[in-house]
Amino acid sequence: MALCAVVGAVLALLATGAVVVAAQNRAHLDTLLTKTGPLRSDGEALLAALVNQETGVRGYAVSGDRTDLEPYQQGVAQEQEIAARMERLLADEPAIRAQLRTVEGDSARWRATIAVPIIDATAAQGPTAGQSLVTDSARQQFDQLRVSVTALQDSILDLRNRVADDARGTGNILVLLLVIAGVVVVVAGFALMSSLNRLFIGPITQLAVQVRGVAEGDYQRRITRQGPPELAQLADDVDAMRQRIAADLAEVREARSRIEWVNSQLQKQAEELTRSNRDLEQFAYVASHDLQEPLRKVASFCQLLQRRYAGKLDERADQYIAFAVDGAQRMQRLINDLLAFSRIGRLTTGFTEVDLDRVMGDVAAQTEAARESAGAELTWSDLPVIRGEEPLLTNLLANLVSNSVKFRRPDVPPKVHVSARRVDDEWEITCQDNGIGIEPEFADKIFVIFQRLHSKDAYPGTGIGLAIVKKIVEYHGGRVWVDTDVPEGTAIRFTLPALPDPEQSGSAEAAEPGDEPATGSDAGPETAPASTGPAPAPAQRRPEEDPGGATGTDGPAAGDTPDDTTPASTGGTKETVA
């Protein structure tokens, strides 16, 4: 205890001294950083402002052009600003502040006796009169002003060097105090270790040897009491724990055997499930390909029958042929959609940085025909740049926009808006429309493959578009859902991981009005069937709004398929319950 008290007193004295010295050192460093540094910069700026004044006056005297006086006028304003700032910094340095005021006086005299007369003479009588006043005496007076500024800078440099020396001195003292404190701690540590080894470490080591034997599996070894009462009590507690461990060990071993058996069964099931999923994907891919040729033949010959024998048979025969053609075409669309669904994540071009604004331009071009037929308006705000596969992201947004156009309210021109906002390390992107909406109880069902909420007569489509949307979003590491809280229409939201660049965080929150209309190329997913409506509105970008929703759930319907051809891409799927 006495040793601890002595060491504590010595360390307290050293700490007090260190605090005082550290405060002085910090004051010197503050002076260097907040006074002498800015003063030196202001001194250089003051000289530059005076030189600008002299240059402006001489240029005006030569040309007589008032625009040549701009350096002079700017230099006067800069000089006043710099002088005021230096006055504040030199509040506790009267000698240097006096030099600053001398510079200000010399500058004012130079302007009054040289600059202003030259300016007035040039303005009144022309450049010749002004140049006549630019004499050697005028140059000598400005050189004297330059000497005053140099002297001021030298004084500031002397102040900086003096403060730096003081900072180094206090720093050295602080290091010495810390070294002394370290020596005291080391000496006290050796003395304390000797006492601890005799009173505690020895008995604890013996106890640790016994405990280590139990830890190695000798659960029948009894722990003996040694050392002070506290250690003896600890030995008793450890021995009681040993007995409980020995009792529980048998149960643990039995439970472990059961767990290992369960784990082996789970591993087998997981492997079987993985193999089953792989076989299912391969089956869907192969089946989609193998079914194409016979289906094309069926569709082609049915169309040939329809063209060749239309009106030559009875009405029922024409109806049967029409049913066969329609069924073959719908089967082609289903197979194409299934093939596209199975390809997501299998055929990959690798992730790159994708500008969603440019992707929306492509989507606008792909959906132009459907939008013109429906009189739809497509807008989007500034969208982010993310990492992903551009063809898949284009397919995703085209599905959503096509659904929004397709599931519109009668006699109401569709309006579709795509926006984005940053949420932590993700972008939340929303496709919102003013369509027929969707009931909350169907919000999850619409993302299931081949699930439809309407008959194909009401809204054509295959019921796979939003399943493709979900698979693309999940392939990119995001999630998709329907926001059921919008006042009208439907809002489908999905997330995509944001780029690590922090500057991306504000790209979706600052809209730029007046951008050029979006453009794009290449045919998109299945387009909505043509229908009459108001005059079409071009796709355009507009400032960020707070839209309310995207559409329901089934994709745009493909048109009639020509002979021996199949649709090239899948449509979005969205159905809603009004």
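Points worth noting:
- Highest mean packing first, where packing is the average number of other Cβ atoms within 10 Å per residue, the peptides 374-381, 65-72, 396-403 line up as 396-403, 374-381, 65-72.
- Label positions at VAL6 and GLU293, each projected 7 Å from the Cα along the C-beta direction, are separated by 10.2 nm.
- Length available on full extension from ASP120 to GLU260: 0.36 nm per residue minus the Cα-Cα distance, which gives 40.2 nm.
- The mean accessible area for residues of the range 1-131, using a 1.4 Å probe and ignoring ligands and nucleic acids, is 53 Å² per residue.
- Whether the range 124-227 is rounded, prolate or oblate, judged on the alpha carbon gyration tensor where a/c under 1.5 counts as rounded: prolate
The values are calculated or read from the model by the stated rules, or taken from the named source; none is laboratory data. Given the structure is predicted, the values throughout are model-derived calculations rather than measurements. Neighbour counts run over all protein chains shown; Cβ positions are idealised from the backbone, glycine included. What goes into the accessible areas is simple: the full protein's heavy atoms, side chains included, and nothing from ligands, DNA or RNA. Shrake-Rupley method; radii C 1.70, N 1.55, O 1.52, S 1.80 Å.
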